[in-house]
Every structure is written in structure tokens, then in C-alpha cells.
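In what follows, a single structure is set out as C-alpha cells and then discussed.
Taken together, the values in this text are just the output of simple stated rules run on the coordinates, not laboratory data. Just so you know, these numbers come straight off a predicted model, no measurement behind them. A quick note on method: Cβ atoms are made from the backbone with ideal geometry, for glycine too, and the neighbour counts reach across all protein chains shown.
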Amino acid sequence: MKAAPYEPLPERKTAILHFRVPASVAASLSQQISPAAGLKSANDVARALTMQALAERERHQQLGAFNVYNLDRYALFQGDASRVLANLPARTFKTCITSPPYWRQRNYGNHADQIGQETDPDQYINRLADIFMLVHRTLTNDGTLWVNIDDSYKNKELVGIPWRLALELKRRGWYWRAEIVWAKASTPEPVKDRPTRAHEAMLLFSKKPKYFYDYDAILEPHDSEWAVDCIRKAQASGLTERPRTNPFSKDKRAVNGMRGITRAEYGTLMNPNGKNRRDVWTINAEKFRGAHSAVMPVALADVCVKAGSAVGDVVLDPFAGTGTTGVAALANGRRFVGIELVPRFIRMAHGRLKESGQTSGNLPDEPRPKDGARR
Ligand SMILES: C[S@@+](CC[C@H](N)C(=O)[O-])C[C@H]1O[C@@H](n2cnc3c(N)ncnc32)[C@H](O)[C@@H]1O
């Protein structure tokens, strides 16, 4: 089924512009008068609040109308991740692959709901954990969450952000399955009292102890000559059965009076297509032309998409930025739902994804140059 193409709601022109608030209400609204923000009277404040509430209601109507079964390829929602997630249907997404704003590293444009600018790291961790609990509700029961996150320094001390987040998510019921090291080319740092950082974390969580994980889709090539030789010998001798003795226990073999096993027999224990993916991934950072200061490499998202979902599944990113997770999802035949606070970034994401198919959601379609983030 195809999603209805995105149609912006018609602009509202209402009589609200002219209404008057009674004196009793005006008194409480007057505290919010701010001539710099164009709010010169209590009537202005009342009008701004009413327009805000109407816009919010429209957003909710659009989200309520969203149905993932009608999703053809992807949908992008502009707004605060927690508000949007709270309105999305439960048990919908197979996997969530995301990179939230890192703590106190970048300002994406002084948006009121922006995450990452909290003065206290615990506040930041709590806000993120609250959002990931909303993600938890929207994941299928065999779903997974992949979080690419980096640490920050405070007063020359490493804060421990990835571990703090992981422990908080564990406390709230997630299963922490892996801490993957994303090894990347180092960015020069002006430090001489510690090694230069050249990695970030990719944390893998699952909703339940058993979950979807496509081991075969992300195998690594065998890198030892011995393993390659064992596989070759097994194939050459036509051996397919696993050895009856435990090949790794010399003692057990001795007790049972059995001989050691041959390379060909070892070869039957190995997957000819490769070995299980290790937890250090060396992937170079990418610079997406179009400028967002923290773009994830498509190759990083690609591994998570392949392991965390099957063709046709829906992949979620609540901090979508320029839509990198979506690019990897669509390239692998998955569908994608992205949420992003900053309209400028969501338009960039749409620019990258639109080649791949139809969209729905509340995508802003006219450029508004003034919503730019500070770089
Ligand atoms: C690290 S960037 C994500 C980059 C993305 N993975 C990419 O490759 O382009 C984090 C994003 O979270 C967005 N963001 C910050 N606070 C948000 C919120 N409350 N709700 C939704 N998005 C938010 C920022 O605008 C930023 O684009």
C-alpha cells in the first residue's frame, strides 16, 4: 500500500488576531510580555499561546493519522522526539538506530526542546533515558536499540556518558547487549596529558532477552590463515559433520581415549562465509555536503540496519538529523521513520531520502532561512 503524499495543512487565518482577554486573565499573562519577541501586550501573549496550542493540535492530528501499515518508504516528523514518540503507535519498529546530541558538545540552534545543553550530566541522561523509554514502547517485542554516543570532558575529567546512559537504561528495564567501539580516524586535539580520542561508543540494547539479530548479515571475513586453511580442507574432503569430540578440550579427548581432530574437522565448525562480527568497528567519519556538524557515516548505520532488521521492516531514528539512518535503511530495502527538532535538518534529510520514494509526516516544505543552527 502506498502512503498518501504529504500535503501541508492550509494556513489558518482566524479572528483570534482581534480578540481581547478579560482583565483577570491579562494580569497573569502580563508576566510573559516581551516586546523583543513581538509580545507587547497581554492580548499578544494570549494570541501567541493560542496559535501555539493550535499548531500542537494539528501536529497531533497528523501523528494520529499516521499508520505504519500504509508507509511506503519513509516518513519524517519535525518536532521534539518525546512529543512525537508519545503519539506514534506501539510495537511498530523493528529497530531504532540513533545518535542523540552529545552532552554539551554542539548547539543545534537554541531550540527550546533541544537536548544536550543541560548543565548537569544527570539531567541529560534522564532526559535521554525518558526518550528511550518512549522508544521502548514503539519497538516490536523482538526489537533493538542502537545508540551512537560519545563521552564529554568536564574539568579535565571524562564524564562517562555512554556508561551512565547504559546503566540508567539497564535500571529501567533494557537489556544491554553490547558496547561496540566505533574506531575512527582521530581529529587532532590540543592535549599532551592523555591519548587523543579516536573512538565513539555504539551501544546495543534489546527490549527482551531474545530478540531479532541477523548474525549472518554482518559476518566478518576470516582473517587467520589457519581458519581459512581449515575451511578449505573441510570443503576439499567433503566433510560436513561436526566432530564428535569437543575439539577445544584436550583432557576430555584423553579421558575418552579419542584422538585429536584434524584441520578439516575444525573446518566443519567454522562458517565458510565469515566469522561473527567483532565489537570493534573501524569506519571512517564522513562529511555530508550540506552541513550538519555531527553526521553519522552511512557505513556505521548500515551494519546496524542489517543486523537489526529484515527487508520491509520499519527502522526508527528519533534524532534523525540529516537522515543518515534513513539512507542506510532505504538502501537495504527497509522503511524508515525519522524525527528531528530542527526544520532545516529535516529538509536536508528529505533531500537525501526523496530520491528513494514517497514520504508522509509533517515535513516543512518551504525553506525558512532563519531557523539555522549555529555551527
Ligand atoms: C548527533 S545529531 C544526529 C545526526 C544524524 N545521525 C545524522 O547523521 O545526520 C543529533 C540531532 O538531534 C536533534 N535534536 C536535538 N534535540 C532534539 C529533540 N528534543 N527532539 C528531536 N531531535 C532533537 C538535533 O537537532 C540534531 O540534528
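At a glance:
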item: All aspartates and glutamates inside 18 Å of residue 192 as judged from Cα atoms, apart from same-chain residues fewer than 8 positions distant; result: 157
item: Sum of side-chain charges, residue 125 neighbourhood, beta-carbon under 15 Å (Lys, Arg +1; Asp, Glu -1); result: 0
item: Gain on full stretching of the segment that runs from residue 262 to residue 112 - 0.36 nm per residue minus C-alpha separation; result: 47.4 nm
item: Candidates per trypsin sites (Lys or Arg not before Pro) in region 271-349, loop by DSSP, up to 16 other Cβ within 10 Å; result: 278, 287, 289
item: Label point distance in nm, residue 20-residue 279, each placed 7 Å from Cα along Cα→Cβ; result: 6.9
item: Full-stretch length increase - residue 217, residue 197 - with 0.36 nm per residue and alpha-carbon distance subtracted; result: 4.2 nm
item: With eigenvalues of the C-alpha gyration tensor scaled by 5 and rooted, region 111-182, Å; result: 22, 16, 10
item: Difference of contour (0.36 nm per residue) and Cα-Cα distance, residue 175 to residue 37; result: 45.1 nm
item: Of 184/275; 184/306; 94/154, those spanning more than 27 Å from alpha-carbon to alpha-carbon; result: 94/154
item: Cα-based equivalent ellipsoid of region 95-138: semi-axis lengths in Å, sorted from largest, via gyration tensor; result: 19, 12, 9
